[in-house]
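A.B. asks: There's a structure below that I have some questions on.
The values are calculated or read from the model by the stated rules, or taken from the named source; none is laboratory data. Keep in mind that this is a model prediction, so the values were computed, not measured. Note that we place each Cβ from the backbone using ideal geometry, even for glycine, and neighbour counts take in every protein chain shown. Accessible surface areas use protein heavy atoms only, side chains included; no ligands, DNA or RNA. Shrake-Rupley method; radii C 1.70, N 1.55, O 1.52, S 1.80 Å.
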Amino acid sequence: MDHQHAAAPLARLIDELHRLPGVGPKTAQRLAYHLVRAPKEEVQSLAEALSAMKEQVFFCSQCHNLTDVEPCAICGDGQRDRSTVCVVEQALDILALERTRRYKGLYHVLHGAISPMNGVGPGDLTIAALEGRLRTGAVKELILATNPNLEGEATATYIQRQVRGLPVAVTRLARGLPSGADLEYADEVTLARAIEGRQVMS
Amino acid sequence: MWPCRSFAPPSAPAPYNGPVLLRRLSLENFRNIASLDLPFAPGRTVLHGRNAQGKTNLLEAVHLLAAAKSIRAEHERDLIAWNVLAGEIPYTRIRGDFDRGGTPLRLEVFLQLEPDGDASQDGEPRLAKRLRVNGAPRRAADFVGEMQAVLFEPQDIELVYGSPSSRRRHLDMTLSQADRPLLHDLQRYQRILTQRNHLLKSLREGRASPAELPTWDDILIESGAAIIAARAAALASLDASAARLHAQLTAGTERLRLLYAPSFPVPEGGAAHIAVAFRQALAATAARERLFGATIAGPHRDDFAFQLGGVSLAAFGSRGQHRLATVALKLAEAEYMTQRTGTQPTLLLDDILSELDADRRGFLLERVADSPQALITTADLPSLQGTLLRDAAVLEIVAGAVR
Ligand SMILES: [Zn+2]
């Protein structure tokens with residue numbers, strides 16, 4: 001996007017915003033000009049929120065969810081069923097599943113899905129750490145809740161192949177999820193049904 | 001594997017076995033047609049006019065409403081007329097209003113050059129395609145086959161001796177109209193193939209681990225076996241119909257055959273057996289795959305061949321034999337669609353009658369008379385006098401407009 005006529009600090013902000021996912025050149029410009037007109041305190045608060053987030057949020061050593069305590073609130077909750085682990089692609093997927101209030105087990109966040117096209121292989125995900133968790137023997141059921149698109153299915157297939165031989169039952173979210181959909185955007189009813197209707201992977 | 005099919009949205013249209021009749025066609029900036037809004041009646045409509053006046057474009061537009069893509073593999077941006085106003089973003093709109101047993105059905109295809117999108121790989125502006133059914137946006141896999149059409153055109157004979165990819169494309173476009181699950185599988189297979197080929201290239205360059213390959217093998221085999229099973233069944237049906245129609249058309253004794261030529265020997269017994277054979281074919285080609293960085297065996301390399309009396313038509317047939325074989329194929333395709341969906345397709349005959357002698361023309365016109373709707377173009381209206389087309393509606397097309 002051509003913003004060479006914008007003042008240099010403004011042009012830099014537009015470039016930074018444009019790098020964010022889902023923000024096109026037009027949106028980046030609109031946000032930047034909004035911030036120029038916003039009260040100073042508002043912009044200060046946003047800047048502080050950004051740096052506090054970066055300083056205080058890290059990955060849980062057990063489930064790789066985003067957290068500001070170690071272990072995270074879910075892993076640290078003694079009420080949760082420690083024999084079940086639900087594997088998701090993104091930390092946001094946990095929020096979606098938690099909203100259903102149907103799931104009482106633990107999670108494992110992969111931080112992506114296998115996609116040779118995009119140069120993402122199993123080594124770029126937290127699959128080795130997941131295998132480590134399974135080898136402790138505490139986990140009896142593994143629920144693969146990757147997205148119902150090609151990359152999500154490939155990731156689930158890969159994990160299923162990797163954990164063959166370990167004493168853990170592997171299930172997969174199935175029914176009700178529309179093809180090509182992202183878990184993040186699935187509605188609660190659909191997702192609740194999908195958890196209940198999960199299927200054993202042979 | 002878990003049942004991936006359960007992810008597919010319910011896509012089967014409500015059971016309806018009657019015809020889907022074109023009642024109105026509206027075009028904007030479609031090839032040489034700036035604007036056109038034309039009512040159609042059931043039965044036969046003859047569009048006549050001299051060559052290059054736009055008759056063919058009308059039929060192509062109707063076919064686009066059935067298949068959601070151009071009959072030719074050429075760039076779809078060529079469908080957009082370039083005589084749009086200066087400063088306006090080039091676009092074309094094709095809209096068909098149909099009568100589906102008393103229920104109106106509106107199909108729309110909208111193509112537009114992306115205003116400030118990135119250029120595609122070939123440096124041309126990207127093309128955005130939007131499909132709508134009764135005003136609601138649809139993906140191609142949920143649009144194709146709402147109405148079905150079979151297009152007969154002079155270039156059909158190229159199917160006999162043309163490239164395997166052109167035959168594959170033709171077969172997929174035809175079968176998809178009557179088999180949406182197959183279309184879903186074809187689109188999915190293409191994405192799997194792209195991913196797997198990227199992985200093979202990464203393996204060749206040492207950027208990936210061989211442990212990643214079995215996952216993509218599993219997914220490729222499952223998807224590919226379903227496609228091969230569907231194609232094998234469809235070709236068996238097309239082969240039987242085309243042989244019968246060809247015998248009637250030629251009164252000849254030499255049997256026409258349409259033979260499936262898959263990229264590896266395909267066993268009888270359905271997708272499960274095909275999957276075993278596909279896995280063996282992947283194993284047999286593994287070394288070459290790693291060398292080329294591409295998947296060698298699979299339905300993306302399928303072909304089919306025309307034979308007459310046990311001899312290859314591509315190698316030995318005359319132009320006249322090619323013509324009759326492809327007319328038989330097209331009529332067989334119409335039968336296939338009717339058998340599979342219960343709905344007879346619209347027949348689109350683009351300047352094909354002049355390619356046939358009086359007897360064969362008579363046979364084809366009997367078929368046309370049996371179909372609920374047919375659009376027929378000709379540059380030679382008098383030649384149709386005295387045929388079954390005497391009760392047809394007649395429209396004259398001049399310079400992209402109806403006279
Ligand atoms: Zn945790």
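A.B. asks: With the checklist (1) part of a loop (DSSP other than H, G, I, E, B); (2) hydroxyl-bearing (Ser, Thr, Tyr); (3) farther than 28 Å from residue B:223 by Cβ in hand, flag the one item residue B:326 doesn't pass.
C.D. replies: (1)
A.B. asks: So, one more: Check off (1) at negative phi; (2) crowded, with 20+ Cβ neighbours inside 10 Å for residue B:382 and give me the number that stays unchecked.
C.D. replies: All conditions are met except number (2).
A.B. asks: Report whether or not residue B:264 is without any contact (Cβ under 8 Å) to a residue 40 or more places away in the chain and either on the phi > 0 side of the Ramachandran plot or open to solvent by less than 30 Å² (accessible area, probe 1.4 Å) (or both). Break it down into steps so the answer makes sense when it comes.
C.D. replies: On the way: without any contact (Cβ under 8 Å) to a residue 40 or more places away in the chain: yes; either on the phi > 0 side of the Ramachandran plot or open to solvent by less than 30 Å² (accessible area, probe 1.4 Å) (or both): yes.
Considered against the rule, which asks whether it is without any contact (Cβ under 8 Å) to a residue 40 or more places away in the chain and either on the phi > 0 side of the Ramachandran plot or open to solvent by less than 30 Å² (accessible area, probe 1.4 Å) (or both), residue B:264 comes out as yes.
A.B. asks: Of all residues in region A:106-120 being more than 16 Å from the ligand (Cβ to nearest atom) and more than 9 Å from every other protein chain (Cβ to nearest Cβ), which is most open to solvent (accessible area, probe 1.4 Å)?
C.D. replies: Quick first cut of region A:106-120, residues more than 16 Å from the ligand (Cβ to nearest atom) only: A:112-120.
If we keep only those that are more than 9 Å from every other protein chain (Cβ to nearest Cβ) as well, we get A:112-113, A:120.
Details: A:112: 11, A:113: 19, A:120: 39 Å².
Among them, the one singled out is A:120.
A.B. asks: Among what's in region A:49-70 and is closer than 16 Å to residue A:129 by Cα and within 8 Å of the ligand (Cβ to nearest atom), pick the residue that is surrounded by the fewest Cβ atoms within 10 Å (Cβ to Cβ).
C.D. replies: Within region A:49-70, the match that is surrounded by the fewest Cβ atoms within 10 Å (Cβ to Cβ) is A:61.
A.B. asks: Give the residue, chosen from A:102, A:30, that is open to solvent by 80 Å² or more (accessible area, probe 1.4 Å), in contact with a helix residue (DSSP H, G or I) (Cβ under 7 Å, 6 or more places away or on another chain) and more than 16 Å from the ligand (Cβ to nearest atom).
C.D. replies: On the way: A:30 fails: in contact with a helix residue (DSSP H, G or I) (Cβ under 7 Å, 6 or more places away or on another chain).
When all the criteria are applied, what remains is A:102.
A.B. asks: Still on this structure, please answer the following. List the helices (runs of 4 or more DSSP H) that sit entirely inside region B:163-253 and contain at least 3 residues that are buried (at least 18 other Cβ atoms within 10 Å of the Cβ) and within 13 Å of chain A (Cβ to nearest Cβ). Before the answer, list the steps.
C.D. replies: Details: elements: B:164-178, B:180-204, B:213-250.
Of the helices (runs of 4 or more DSSP H) lying wholly inside region B:163-253, those with at least 3 residues that are buried (at least 18 other Cβ atoms within 10 Å of the Cβ) and within 13 Å of chain A (Cβ to nearest Cβ) span B:180-204, B:213-250.
A.B. asks: So, of the residues in region A:71-94 that are in contact (Cβ under 8 Å) with a residue 12 or more places away in the chain and open to solvent by 60 Å² or more (accessible area, probe 1.4 Å), which turns out to be nearest to the ligand (Cβ to nearest atom)? Give the steps one after another, and end with the answer.
C.D. replies: Residues of region A:71-94 in contact (Cβ under 8 Å) with a residue 12 or more places away in the chain: A:72, A:74-75, A:79-94.
From the residues that got through so far, the ones that are open to solvent by 60 Å² or more (accessible area, probe 1.4 Å) too are A:79, A:81-82, A:90, A:92.
Numbers: A:79: 14, A:81: 14, A:82: 11, A:90: 14, A:92: 15 Å.
Result: A:82.
A.B. asks: Which one is farthest from the other protein chains (Cβ to nearest Cβ), of the residues in region A:121-142 that are β-branched (Val, Ile, Thr) and in a loop (DSSP other than H, G, I, E, B)? Can you show your working first?
C.D. replies: In the first step, residues of region A:121-142 are kept if they are β-branched (Val, Ile, Thr); the result is A:126-127, A:136, A:139.
Add one more test, that the residue is in a loop (DSSP other than H, G, I, E, B), and what stays is A:126, A:136, A:139.
On the way: A:126: 16, A:136: 23, A:139: 19 Å.
Checking each candidate, the answer is A:136.
A.B. asks: Using the structure shown, decide if residue B:158 is surrounded by 20 or more Cβ atoms within 10 Å (Cβ to Cβ) and closer than 22 Å to residue B:60 by Cα. Before you say what the answer is, go through the steps one by one.
C.D. replies: On the way: surrounded by 20 or more Cβ atoms within 10 Å (Cβ to Cβ): no; closer than 22 Å to residue B:60 by Cα: yes.
So residue B:158 fails the test.
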